[in-house]
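Novice: Below is a structure I'd like to ask you about.
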Amino acid sequence: MKIFRKIFLACVLTSFISSCSQNKSQYNDLLKLNLKGDIKQIKQFTYVAIEKFGVIQKGEIQPNIFFPENQNMILVFENDGYIKEKQNFDNAGVYNGKIINNYNEQKIIISVIGYDNKGNIDYSQKGIYDADKMTVKSIINYSKDYSVQTIDYYDNSNRKIKIDWFREDGKLSSRTIFKYDKKGNIIEENIYTSDGKLYSKNQNIFNNEGYKIEKITSNDSGQKNEYFKYDDFGNIIEEYSNKPGILVNKYIYKYKYDSKNNWIERVSYINGELPVDFTERNIEYN
């Protein structure tokens, strides 16, 4: 079980990259990130939200304690809208390394190379695409001493439907299975241990516009429901979660937009009242 949890945590660490090839196959990464226009790169940093004279402003750059998705990063896009490079920055805003994606003709990621802040490779994922079997077999090196193997399975629409994770000895460690609706949205994600037992289940519910309005997570800890509301531009303005009969957290987001209707400032409030994060975007268009 310890090995499985290590693999599971590795999945979480690389979820940003893998999510770019798990959603609607006809969508590039710009659309998946709800971005409009021909974008070259995005620089995004999060700061402490402070209030001065009744106005929320950015303070010092901060650790993303409340909202882990508020990463300090630079995203570089290819001409067709897929993420080519992701530069990472630590909680002080100092460059911390980068990740480079490489795609095949089907726009499936077949290799990912991670570099530290000195330019040394500290993560690599190299895969071989089998067009007949619709699979990508990869070897992932998380360090010099630890590596795993994966096999990603795709359907005829190039949607990822299954991931098998293998230990260094070649034995199955875990399996993730995805289910989609007719519009290409992931409606279910089931993670199994090597003996076939369900470890975690994620269920997504979408509205008619294709926005996820509810996520249900079930595991040994119980069940958690997350709910989402959106503005007219498709960005989340309210998010709250609960366990049966208990409200866990409620978040409110307020935005400032540019002329392309992409947000360039976002203030995050915890429990709907306390401003905690001020996230700023600098979007460079082609």
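The values are calculated or read from the model by the stated rules, or taken from the named source; none is laboratory data. What you see is a predicted model, and the numbers here were worked out from it, not measured in a lab. Cβ placement follows ideal geometry from the backbone for every residue including glycine, while neighbour counts extend to all protein chains displayed. These accessible areas exclude ligands, DNA and RNA; they are computed on the full protein's heavy atoms, side chains included. Shrake-Rupley method; radii C 1.70, N 1.55, O 1.52, S 1.80 Å.
Novice: With all protein chains present, how much of the accessible area of segment 184-286 (probe radius 1.4 Å) comes from carbon and sulfur, to the nearest whole percent?
Specialist: In segment 184-286, the share of accessible area belonging to carbon and sulfur is 44 percent.
Novice: Note down the nm distance, to one decimal, between modelled labels 7 Å out along Cα→Cβ at Asp116 and at Glu60.
Specialist: 2.6
Novice: Using a simple charge model, +1 on the beta-carbon of Lys and Arg, -1 on the beta-carbon of Asp and Glu, nothing else, what dipole does the chain show about its Cα centre, in debye to the nearest 20?
Specialist: 440
Novice: Exceeding 23 Å between C-alpha atoms, which entries from my cross-link table qualify? They are Lys183/Lys229; Lys43/Lys160; Lys126/Lys183.
Specialist: Cα-Cα > 23 Å for Lys43/Lys160; Lys126/Lys183; rest within.
Novice: Within the set Lys84/Lys250; Lys107/Lys137; Lys162/Lys197; Lys171/Lys215; Lys86/Lys212, which residue pairs have Cα atoms separated by over 23 Å?
Specialist: Pairs exceeding 23 Å: Lys84/Lys250; Lys171/Lys215; Lys86/Lys212.
Novice: Any idea of the accessible area per residue across segment 31-126, 1.4 Å probe, to the nearest Å²?
Specialist: Here the residues of segment 31-126 average 53 Å² of exposed surface.
Novice: Continuing with the same structure: Using Cα positions and a limit of under 19 Å, work out the aspartates and glutamates in reach of Lys182, with same-chain residues fewer than 8 apart set aside.
Specialist: Answer for Lys182, where 19 Å is the Cα cut-off: Asp155, Glu209, Glu214, listed by chain and number.
Novice: Still on this model: For the pair Lys107/Asp195, report the inter-label distance in nm, with labels modelled 7 Å from Cα in the Cβ direction.
Specialist: Rounded to a tenth, the inter-label distance reads 4.2 nm.
Novice: For Ile50 and Tyr285, calculate 0.36 nm times their separation in residues minus their Cα-Cα distance, and state this gained length in nm to one decimal.
Specialist: Length gained between Ile50 and Tyr285: 81.6 nm.
Novice: Okay, next question. Relative contact order (percent) for segment 186-257, with alpha-carbon contacts under 8 angstrom and 6 or more residues of separation?
Specialist: About 17 percent, as a whole number.
Novice: Please tell me the relative contact order of the chain in percent, rounded to the nearest whole number, where contacts are Cα pairs under 8 Å and at least six residues apart.
Specialist: Reported relative contact order: 15 percent.
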